[in-house]
Amino acid sequence: MSVTENLTIIQDTIRAACARSNRNPDTVNLVAVTKYVSTERAQEAVSAGILHLGENRVEEGMEKWQVIDGDVNWHFIGNLQSRKAKNIIPAFHFIHSLDRLSLAKELDKRAEEGQTVRCFVQVNVTGEESKSGLTPAELPAFIEDVKQYTSVQIVGLMTMAPYTEDVETVRPAFKQLRELKEQIEQKEYIHAPCHELSMGMSNDYEVAIEEGATYIRIGTSLVGKEK
Ligand SMILES: *Cc1c(COP(=O)(O)O)cnc(C)c1O
């Protein structure tokens, strides 16, 4: 299917999930995850009206960034090695995978004077061993510690739920991320406004929206999978 056809279906689904949860669909940002597809297919997504692209590898992301034409917000969604921080800062508008202080330090060091590096803190809500991210218990102190790295701004929290056939089983994880976000928001940190929630993928984005997602990251059901 073309990206446009998939997009129509996804937009309808987003609207329905928003209607069920009394939300304005404009508050849900759709990030097209293009890690499985070619630059051509990613370009097709942008031409179809997609405003946000997500990549999880620095080199492939940079390749697409150099070629793709359009007003795109670039999201880095994968594990980020500290030594590659300097490469992605100029290209990516958001980093969804801040999961350690040493990375915050490196991003701060590599940022230009006056530049803000917008990050989501990745949280491993369910404690799955295969997933990176902070535990909920580690989060409050981490947020405080990031304050010293003045170029880094914490815009929100991100999580990846376990894959499951029954999406209701992931609802508590999304709900917990929202509650963690609200706790940080209430502290009104200048460096960590934390208004955003990056959660929901092809399999579970409806539930994520119902639980408050403001960035959903969709690959397979939007652009497909070529590799
Ligand atoms: C691959 C990936 C996605 C998209 O997954 P789909 O199931 O293909 O929609 C979203 N978020 C992250 C962090 C990913 O690595």
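Checking the stated criteria, Tyr189 turns out to be at pLDDT 95 or above, among the hydroxyl-bearing types (Ser, Thr, Tyr) and away from the ligand (no atom under 16 Å from the Cβ). Considering (1) out of contact with any Ser or Thr (no Cβ under 8 Å at 6 or more places or on another chain); (2) touching a residue at least 60 places away in the same chain (Cβ under 8 Å); (3) β-branched (Val, Ile, Thr), the lone condition that Val28 does not fulfil carries the number (1).
Close contacts from the range 182-198, counting a first residue that is touching a residue at least 24 places away in the same chain (Cβ under 8 Å) and a second that is surrounded by fewer than 17 Cβ atoms within 10 Å (Cβ to Cβ) and of a type in the set (Ser, Thr, Tyr), with Cβ to Cβ under 8 Å and a gap of 6+ residues or different chains, come to His191/Thr150.
Suppose the filter is assigned to a helix (DSSP H, G or I), among the hydroxyl-bearing types (Ser, Thr, Tyr), within 14 Å of the ligand (Cβ to nearest atom) and modelled with pLDDT of 95 or more; does Thr13 pass it? Taking the combined requirement at face value, the residue satisfies it.
Look at the range 203-227: where a residue is on the phi > 0 side of the Ramachandran plot and a partner is surrounded by fewer than 22 Cβ atoms within 10 Å (Cβ to Cβ) and hydroxyl-bearing (Ser, Thr, Tyr), sitting 6+ places away or on another chain with Cβ atoms under 9 Å, you get Gly212/Ser21; Gly224/Tyr36. The lone criterion from (1) outside any loop (DSSP other than H, G, I, E, B); (2) more than 13 Å from the ligand (Cβ to nearest atom) left unmet by Gly70 is number (1). Do we have any residue at all in the range 91-105 that's in a strand (DSSP E or B), in contact with a strand residue (DSSP E or B) (Cβ under 9 Å, 6 or more places away or on another chain) and under 20 Å from Tyr163 (Cβ atoms)? So far as the range 91-105 goes, yes, one or more of its residues are in a strand (DSSP E or B), in contact with a strand residue (DSSP E or B) (Cβ under 9 Å, 6 or more places away or on another chain) and under 20 Å from Tyr163 (Cβ atoms). Listed by first and then second residue, the pairs with beta-carbon distance under 6 Å, at least 6 apart or on different chains, first residue in the range 136-154 and touching a residue at least 60 places away in the same chain (Cβ under 8 Å) and over 15 Å from Asp108 (Cα atoms), second exposed (fewer than 13 other Cβ atoms within 10 Å of the Cβ) and of a type outside the set (D, E, K, R), form an empty list. The sole residue among Ala19, Ala45 that is in a helix (DSSP H, G or I), more than 16 Å from the ligand (Cβ to nearest atom) and not charged (D, E, K, R) is Ala19. In the set (1) touching a residue at least 40 places away in the same chain (Cβ under 8 Å); (2) part of a loop (DSSP other than H, G, I, E, B); (3) aliphatic (A, V, I, L, M), the condition left unmet by Leu80 is number (1).
Of everything in the range 118-141 that's among the hydrophobic types (A, V, I, L, M, F, W, C) and part of a helix (DSSP H, G or I), which residue is nearest to Ile95 (Cα to Cα)? Among those that are among the hydrophobic types (A, V, I, L, M, F, W, C) and part of a helix (DSSP H, G or I), it is Leu139. When the range 206-221 is filtered for residues that are in a helix (DSSP H, G or I) and surrounded by fewer than 24 Cβ atoms within 10 Å (Cβ to Cβ), the ones remaining, listed by number, are Glu206, Val207, Glu210, Thr220, Ser221. Screening the range 133-182 for residues that are buried (at least 16 other Cβ atoms within 10 Å of the Cβ) and of a type in the set (S, T, N, Q) and picking the one that is nearest to the chain's Cα centre (by Cα) gives Thr159.
Filtered by the rule that a residue be aromatic (Phe, Trp, Tyr) and either more than 16 Å from the ligand (Cβ to nearest atom) or over 19 Å from Ser132 (Cα atoms) (or both), the range 87-109 gives a lone residue, Phe92.
Here Ala161 qualifies as assigned to a loop (DSSP other than H, G, I, E, B), within 12 Å of the ligand (Cβ to nearest atom) and closer than 30 Å to Glu44 by Cβ.
The values are calculated or read from the model by the stated rules, or taken from the named source; none is laboratory data. Just so we're clear, the structure is a prediction, and the values are computed from it rather than from any experiment. Backbone-built Cβ (ideal geometry, glycine too); neighbour counts: all protein chains shown.
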